[in-house]
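The numbers here are math on the coordinates, done by the rules we state, and not lab data. Since the model is a prediction, treat every value here as computed from it, not as a measurement. Cβ: placed from backbone, ideal geometry, glycine included. Neighbour counts: every protein chain shown.
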Amino acid sequence: ASFGFREVGEEDKARLVGDVFSSVAPSYDLMNDLMSVGLHRLWKDRLVAKLQPFAGMHHMDVAGGTGDVAFRVLRDMAADAARDPTSDAGAAPAQDGAGEWRAGGVTVCDINPAMLEEGRRRAASGGHEAGLRWVVGDAEQLPLPARSVDGYTIAFGIRNVTRIDAALAEAFRVLKPGGQFLCLEFSQLVLPGLRELYDAYSFNVIPQIGRVVARDEASYQYLVESIRRFPPQDDFAEQVRCAGFAGVAYENLSGGVCAIHSGFKL
Ligand code: SAM
């Protein structure tokens, strides 16, 4: 079954994306591991390595879902603080009364409360709640002031956003000058010979894993289709440039199954 996103309007798309992620939230992490045969962990590691988190930074992870990227950013912020024990930036992150970070932390923003709830639960069981703030919000209208974050990441989220240009403009707005934008997303294959295998896997195997494990074939069918519709690397790089970012570049991962686009706000 297909949701036929090409025909539906913007409001419908937002609602359907909401339905998809509410439906998949409880099984989301297991499904990620199964569908990507664990590769999503390496892709997210690479994303966060490119960010180079530093002690005391305020980072925002948009479409942050169940916290995978945020947990990695916090881990690397702590590692940086440990390298410089004299710095008080390594103190436990905390917020002041106005909700602003005093000593760095990660704001996880997602439009879907069910995904964030799952993330909160994981954070509690992993013992890393300190330094995390979970905020329900739309990538197209971020609930943070202008020039308030040092880094912005969005992993496997931007292709679900209704108006990608609006999301990029918001990323630019919330970043401080010098701040880095990083986007990890499924992309176009660049290795010849992989196409048939990839098509067979994504159109046949993934929806079946969705049916058996998550009992939700349609949501995973939607995910596969949304990947196909996302613009190729160079086109998306141009969109990032148009939003005002400088030094825009991308790195292909796993032969272009994914790409990380990056840029800076000057
Ligand atoms: N970043 C996480 C990861 O890599 O594991 C989650 C990725 S998940 C495939 C996509 C997420 O995007 C979902 O949690 C969904 O709720 C969120 N999302 C979809 N549209 C959004 C929007 N307009 N604003 C913010 N989040 C959105």
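Quick look at the numbers
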read-out	value
Three-way shape label, the chain, alpha-carbon gyration tensor, a/c 1.5	prolate
Computed [θ] at 222 nm, deg cm²/dmol, the chain (DSSP H ≥ 4; -39,500 (n - 2.57); rounded to nearest 500)	-13000 deg cm²/dmol
Using alpha-carbon coordinates, inclination of helix 164-174 to the longest axis of the chain, degrees	10
Leu42-Gln141 FRET efficiency (beta carbon distance; Förster radius 35 Å; 0.05 resolution)	0.65
Packing rank of 62-75, 129-142, where each peptide gets the mean count of other beta carbons within 10 Å, highest leading	62-75, 129-142
10 Å-binned pair-distance histogram of region 112-242 (Cα, whole percent)	10, 31, 33, 22, 3
Cβ-derived FRET efficiency at R0 35 Å, Glu217 paired with Cys242, nearest 0.05	0.45
Set of region 49-67 residues, backbone N closer than 16 Å to the point 7 Å along the Cα-Cβ line of Ala130	55-57
Share antiparallel - DSSP beta bridges, the chain, percent rounded to 5	45
Sequence ranges 26-32, 112-118, ranked by mean other-Cβ count within 10 angstrom, highest first	112-118, 26-32
